[in-house]
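What follows draws every value from the coordinates through simple rules; no lab data is involved. These figures come from a predicted structure and were not determined experimentally. Every residue, glycine as well, gets a Cβ built from its backbone with ideal geometry; the counts of neighbours run over all protein chains shown.
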């Protein structure tokens, strides 16, 4: 069962939909507020494929249809925004809180987070800790890459997306 955020219930889905539309108008400036609103909406409904609730509120069978038919946006892109907002909420809530206080701070682009999330799922936490430890010793990305047996770009993204001082 999906745990719903506090204060979110089925009665305010119309309000959340309005907030999604507002955020959609601003998404060229930042994907994060839109991703958070999409996440809140799908959490309130109970998931991306709860056809009964999607049909009841929007007359579409799923989140993907909601994005393409109601929002007139690419569902893959909207899903990436949502997934990355979930990643920040679950793993780096401190970044989101800082962004809420001062939205001029930089949050990594959603494509970087999306790629890193896929890599993180493929990399163990121990491997990520080892990469970070090696970087803190002053080793170059190339040397770390050779040491851990990963590509230079993967090491760079892992280091820069896990060190808060590098992303903030």
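Data table
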read-out	value
Cα-projected label distance for residue 59 with residue 72, points at 7 Å along beta-carbon direction, nm	1.7
Additional length obtainable on full extension of the chain from residue 21 to residue 94, 0.36 nm per residue less Cα span	23.7 nm
Histogram of C-alpha separations across segment 10-91, 5 Å bin width, %	3, 17, 28, 30, 16, 5, 1
Residues 135, 82, sorted so that the one with the fewest Cβ neighbours within 10 Å comes first	135, 82
